[in-house]
């Protein structure tokens, strides 16, 4: 059994220990020490990293009471000097203590229990027993949580007797069969926990709910604490300043100004779309008059620059109204597209045309006998694709005349 030094001192960063065993883990050298400050991944908290005799520790986990320290390379047996990555440890302490504060605050403001939590590399989450959540609720919970941060109350590590445990208002039940370790945030929360924590709530710095989403019938809240929250604010502040400068407006007017821009953009897009469809009427007649014919059927091919499927569909509708024809339309751009269409009185199956093309082109799409549409890989030349389709149509019409 490894002595777990971190349980009683989250702030110690260096220690001396003895290697009692070594093993290989997925091709990496790993050691078991007689004691350790390295926290193993458990309870939703990530593992510590650091160094043992200046060799990087890349993973730490628990296995049957032994703490396995996975190293970047081999080291000699005996007594070793160890140090944890303090910046990473303190970040985990801020996130974990912040999670306890936030979970209890949400109970107080929303009467919502925390079902599970996860303290990740980039962000932390808690799942609460609610199906909906609003900005107003987030603000209430944040205000309550940060009130306890500003109060800077002590955070205690307790090992109560069974009798003492019975009198504690625990936020969740402790695991059975183990000595119970309680994290007590004075005046706020009692929770069974084996993780590393701040000694006072003020060290958490700030708690910020970043967002939420519905997950399998519950709400998952994403939050930042401490330095993570500061970095998030710095990032958002850079964005706000950039937008404010670009639009020559005050920060307080950004939301209103962006909304006006979006509304104006929708109006312009509608005008462009209406003008494009008007242009399609002239373009349709031009393409219809200038195309090749085969047995009295007009075969119309065209590649539209930056043409989307809706654009191609609109043009196809205009051309079909001109008379009997087969349309093979393509759209170039980042996502090449195609629309094949034919008049109802043309005895050709465009699904068969598409099937002939698929062996030679990376194409996805489908439809019915008189209309198929889809996308073509950017690796394929859309013009070559349309011309190959044209030849397939000619071959099919020729076979019908033989």
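Estimated from the Cβ-Cβ distance and a Förster radius of 51 angstrom, the FRET efficiency linking residue 395 and residue 273 is about 0.90. Please report the antiparallel percentage of the DSSP beta bridges confined to the stretch 270-401, to the nearest 5. That works out to approximately 75 percent antiparallel. For the pair residue 18 and residue 321 in one chain, pulling the backbone fully straight at 0.36 nm per residue adds 100.4 nm over the alpha carbon distance. Structural descriptor for the stretch 29-185: relative contact order 16 percent, calculated from alpha carbon pairs under 8 angstrom and at least 6 residues apart. Return the single residue from 360, 34, 162 with maximal mean-square fluctuation; model: Gaussian network over the chain, springs between Cα atoms under 10 Å. Evaluated over the chain, the most mobile residue of the options is 360.
Based on C-alpha pairs under 8 angstrom that are at least 6 apart in sequence, the stretch 270-401 has a relative contact order of 21 percent. Axis angle, to the nearest 10 degrees, between helix 309-320 and the longest C-alpha principal axis of the chain: 10 degrees. Working note: Debye formula, equal point scatterers on the alpha-carbon atoms of the stretch 300-402, no solvent; log10 I(q)/I(0) at q = 0.15 Å⁻¹ is -0.53. What would the Debye formula give as log10 I(q)/I(0) at q = 0.18, 0.19, 0.24, 0.26 Å⁻¹ for the alpha-carbon point model of the stretch 3-84, no solvent? With no solvent term, the Cα-only Debye profile gives -0.65, -0.73, -1.24, -1.49.
Comparing 288, 224, 61 in a Gaussian network model of the chain where C-alpha atoms under 10 Å apart are linked, the largest mean-square fluctuation is found at 288. With the helix formula -39500 (n - 2.57) applied to DSSP H stretches of n ≥ 4, the chain reaches a computed 222 nm mean residue ellipticity of -12500 deg cm²/dmol. Built from the Cα atoms of the stretch 90-243, the convex hull projects on average onto 9.9 nm², one quarter of its surface area. Quick one: helix 135-151 against the long Cα principal axis of the chain, what's the angle to the nearest 10°, folded into 0 to 90? Taking Cα atoms only, the helix is inclined about 30 degrees. Between residue 121 and residue 215, the distance separating the two model label sites (each 7 Å from Cα on the Cα→Cβ line) works out to 1.7 nm.
Estimated translational diffusion coefficient (Stokes-Einstein, Kirkwood radius over Cα pairs, 4 °C, 1.567 mPa s) of the chain: 47 µm² per second. The C-alpha atoms of the chain define a longest principal axis, and helix 382-401 lies at about 50 degrees to it.
Note on the chain: with a GNM built from Cα contacts shorter than 10 Å, the maximum mean-square fluctuation among 189, 54, 274 falls on 274. Residues 302, 96, arranged from fewest to most other Cβ atoms within 10 angstrom of their Cβ, appear as 302, 96.
Here the gap between residue 58 and residue 134, fully extended at 0.36 nm per residue and compared with their Cα-Cα distance, gives a gain of 23.4 nm. Modelled spin-label separation between residue 25 and residue 262, with each label point placed 7 Å from Cα along the Cα-to-Cβ direction: 4.7 nm. With Cα atoms defining each centre, the stretch 283-313 and the stretch 324-402 are spaced 12 Å apart in the structure.
A short reminder: the numbers here are calculations on the coordinates, not readings from a lab. Please read these numbers as outputs of a predicted model, since none were measured by experiment. A quick note on method: Cβ atoms are made from the backbone with ideal geometry, for glycine too, and the neighbour counts reach across all protein chains shown.
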